[in-house]
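See below for the structure under consideration.
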Amino acid sequence: MKKAMLFILICAFVLSSCRFSPKEETPAASSPQDMEETSKRTTEQPTETSSETATEAETEAPTPPQIDVPAYFEENAIEGLEFWILQDMKGVDLSEYTRDFAVLGTAGGAWFGKDYDITPTMEMDYQDPYVEYILDPWPDYADPGLYITHIMITDPKVKVFGLTLRNMDEEWQNVLKERGFSIHKRKKNDSDQRLRADSPDGLYTIVVDLETGRINIFTEISNREGIVID
């Protein structure tokens, strides 16, 4: 009798242990959607190195275009100009040019085209047509060298991309668009109706003011050190 009772107790203990032992879980297979999302997170998550590289690329200073100016003028129907925007003026002799001392805040000065007999005045109210070039460091005032950073044109004989101040606004828009320029939108109620267009490479802007008879071609210059130029 005692042996029978002991056998029953042993069997009960074994059954109890089997019932409450934890079951080992098998990892569920990843669904295609899970794998796709994981892949996205892996590829989209930027690494520290790639982030630093992107930052360096964004802050990299622009460089002036390396062009053969006479050939560029011939290919792009530019007539009556001696220099082009962002042209490097290193080694250029300006002794035969007249400096316009009325233009302030420029490191390299403002110079009338060689063929224009202009007497500079502080009022800058010049009745005769002219072309004027402004020289400055670029892309920052703290950088070395001098470049053409601004060209002012009032001479109706000068051609830019085959157009002059005698052409209509619509003609200017069409030609600049064909050349890949980005035209600024103008509001009807805005008093400033000048045509503004950014070059395809984003390095310079053309402003055509047919009402006053003036074309401005200029580039932006940063001033990271806060340099003051008299």
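Report whether or not residue 226 is without any contact (Cβ under 8 Å) to a residue 12 or more places away in the chain and either in contact with a helix residue (DSSP H, G or I) (Cβ under 6 Å, 6 or more places away or on another chain) or small (Gly, Ala, Ser) (or both). Judged against the criteria, residue 226 is a match. Scanning region 91-135 for residues being within 20 Å of residue 218 (Cβ to Cβ), part of a loop (DSSP other than H, G, I, E, B) and of a type in the set (D, E, K, R) gives a total of 1.
Look at (1) at pLDDT 95 or above; (2) over 22 Å from the mean Cα position of the chain (by Cα); (3) surrounded by fewer than 16 Cβ atoms within 10 Å (Cβ to Cβ) and you find that residue 123 fails only one, number (1). Name, by its number, the condition in (1) part of a loop (DSSP other than H, G, I, E, B); (2) farther than 21 Å from residue 75 by Cβ; (3) not hydrophobic (A, V, I, L, M, F, W, C) that does not hold for residue 200. Condition (2) is where residue 200 drops out.
I'm trying to understand the selection: among the residues of region 153-183, which are surrounded by fewer than 13 Cβ atoms within 10 Å (Cβ to Cβ) and within 13 Å of residue 206 (Cα to Cα)? Scanning region 153-183 gives 177, 179, 180.
Only one of these is basic (Lys, Arg), over 26 Å from residue 107 (Cα atoms), touching a strand residue (DSSP E or B) at 6+ places or on another chain (Cβ under 8 Å) and surrounded by 14 or more Cβ atoms within 10 Å (Cβ to Cβ): 214, 194. Name it. Walk me through how you get there before you give the answer.
Details: 214 fails: over 26 Å from residue 107 (Cα atoms).
Of the residues listed, the single one that is basic (Lys, Arg), over 26 Å from residue 107 (Cα atoms), touching a strand residue (DSSP E or B) at 6+ places or on another chain (Cβ under 8 Å) and surrounded by 14 or more Cβ atoms within 10 Å (Cβ to Cβ) is 194.
Listed by first and then second residue, the pairs with beta-carbon distance under 9 Å, at least 6 apart or on different chains, first residue in region 67-89 and part of a strand (DSSP E or B), second exposed (fewer than 15 other Cβ atoms within 10 Å of the Cβ), are 79/157; 79/162; 88/66; 88/145.
The values are calculated or read from the model by the stated rules, or taken from the named source; none is laboratory data. Values in this document were obtained by computation on a predicted structure and should not be read as measured data. No Cβ is skipped: glycine too gets one built from the backbone with ideal geometry, and neighbour counts run over all protein chains shown.
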